[in-house]
1. Please verify whether Asp47 is under 21 Å from Leu94 (Cβ atoms) and assigned to a loop (DSSP other than H, G, I, E, B), treating the condition exactly as stated.
2. Could you tell me which residue of the stretch 153-171 is modelled with the highest pLDDT, considering only residues that are hydrophobic (A, V, I, L, M, F, W, C) and part of a strand (DSSP E or B)?
3. Would you mention how many residues in the stretch 192-221 are part of a loop (DSSP other than H, G, I, E, B), in contact (Cβ under 8 Å) with a residue 60 or more places away in the chain and out of contact with any Lys or Arg (no Cβ under 9 Å at 6 or more places or on another chain)?
4. Look through Tyr67, Tyr60, Tyr132, Tyr150 and report the one residue that is more than 30 Å from Ala188 (Cβ to Cβ) and not in a helix (DSSP H, G or I).
5. Considering only residues of the stretch 1-41 that are among the hydrophobic types (A, V, I, L, M, F, W, C) and under 14 Å from Asp120 (Cβ atoms), which is surrounded by the most Cβ atoms within 10 Å (Cβ to Cβ)?
6. In the set Lys247, Lys242, which member is assigned to a helix (DSSP H, G or I), surrounded by fewer than 14 Cβ atoms within 10 Å (Cβ to Cβ) and modelled with pLDDT under 95?
7. Of all residues in the stretch 162-190, how many are within 22 Å of Asp123 (Cβ to Cβ) and either crowded, with 21+ Cβ neighbours inside 10 Å or not small (Gly, Ala, Ser) (or both)?
8. Among the numbered criteria (1) hydroxyl-bearing (Ser, Thr, Tyr); (2) at pLDDT below 95; (3) out of contact with any His (no Cβ under 9 Å at 6 or more places or on another chain); (4) not in a helix (DSSP H, G or I), which single criterion is violated by Tyr93?
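The values are calculated or read from the model by the stated rules, or taken from the named source; none is laboratory data. Note that this is a predicted model, so its numbers are computed, not measured. Note that we place each Cβ from the backbone using ideal geometry, even for glycine, and neighbour counts take in every protein chain shown.
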Amino acid sequence: MLAFIIPFKPKRNSTNWEQDSSYLHNTIQSILHQTNDDYHVFVITHDMPESLIDSPKVDYLKLPFDYCDFEKIEDRNAALKDSGYLNARDVEYLFDQGRKQMYGAQLAKESGYEYIMCLDADDLVSKNLVDYVIRHKEDNQVGWYVNKGYYFIAIENIYVRQPYAMNMISGSTHIIHRNMLPQTDMAALSLGSNNFFSGHASLPARIKKEFGKELLPLPFYAIIYTITNLNWSITVDKLRGKSFYAKVKFLVRRVLFDKPIGKRFYLNRV
C-alpha cells in the first residue's frame, strides 16, 4: 500500500561508512515499528551497507546504473546557475539521490504500491504514519506533505520543533499517489529529469500546476530530521542562526531528549 524509498549514498561519497550505515539502520527500524504493516521498504544503493536488516518488509536493491560524475550531468551548468548556491559536489549528490528516488518510485509503482514516500537515510518517521495514510486514503487520491516535524541534534541530545513548513526544509516530507508520478527516462543524465522528489520545496506547486490538485498537510509531527556532522545540507550552526530572533526561536522550540518522542519515532542515538 505505502512504499518507502530510501536512496543510500555511495561509499565514495561517505566520510564515515560505518556511521552512515548505522543511520540507515535506524531509519529502517523506525519504519519497521509502524502500527500498521501495510508498507514496504526499498533501499536503493550502489554499495551495500555494513549490516542488512533481515525482514520481508525490506529490500536492498542496487541501482542498475553506474555512478554519474558531475562532468557527465548534461544540465550541470544550468543547475549551478539557476540555484545560485549549489556547488559541483551538491549537483552530483542531488543527481545521484534523485535518480535513486525515481528508480525506487517507478519500481514501487510497478509493484502495485499506491502511495510512495522517499526518505533520507538519516530521517525517522512517526510510528503512526502508515496507519494515518491507510485510514484516510479514500479521502485523498493525491497525497500529503509533512508540515510539522523535529530536528534531532545528535551530539547534544535535544530536539528542535519545526511547527510549520517542514517540507521546505527536509526532502523526506512528501507522500505521493502513484498517479502523480511523472514518467522518467532512467537513462537520462540530467538533474531536471530526476528532481521530482529532491525538488521538495516546489513539489506541492508542481502537483497543483500539472494536475490542478493539492497535497494535504499531515496534522501531526511526522518526521525527525537527524542533524549530524555528516549532513551536507544543514548544520547545527545554520539551525541556530545568527540573528537575535533566530537564536530566541531556537531556544523556544528546543526540547530536551524526551522518551515519549523517542518511542514514537523509535529513536536510537548513534
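1. So Asp47 passes the test.
2. In the first step, residues of the stretch 153-171 are kept if they are hydrophobic (A, V, I, L, M, F, W, C); the result is 153-155, 158, 160, 165-166, 168-169.
Subset that is part of a strand (DSSP E or B): 153, 158, 160.
On the way: Ile153: 81, Ile158: 79, Val160: 86.
Looking at residues that are hydrophobic (A, V, I, L, M, F, W, C) and part of a strand (DSSP E or B), I get Val160.
3. 4
4. Values: Tyr67 fails: more than 30 Å from Ala188 (Cβ to Cβ); Tyr60 fails: more than 30 Å from Ala188 (Cβ to Cβ); Tyr132 fails: not in a helix (DSSP H, G or I).
The match here is Tyr150.
5. That would be Phe4.
6. On the way: Lys242 fails: assigned to a helix (DSSP H, G or I).
Testing whether each residue is assigned to a helix (DSSP H, G or I), surrounded by fewer than 14 Cβ atoms within 10 Å (Cβ to Cβ) and modelled with pLDDT under 95 leaves just Lys247.
7. Total satisfying the criteria: 18.
8. Of the numbered conditions (1) hydroxyl-bearing (Ser, Thr, Tyr); (2) at pLDDT below 95; (3) out of contact with any His (no Cβ under 9 Å at 6 or more places or on another chain); (4) not in a helix (DSSP H, G or I), the odd one out for Tyr93 is (4).
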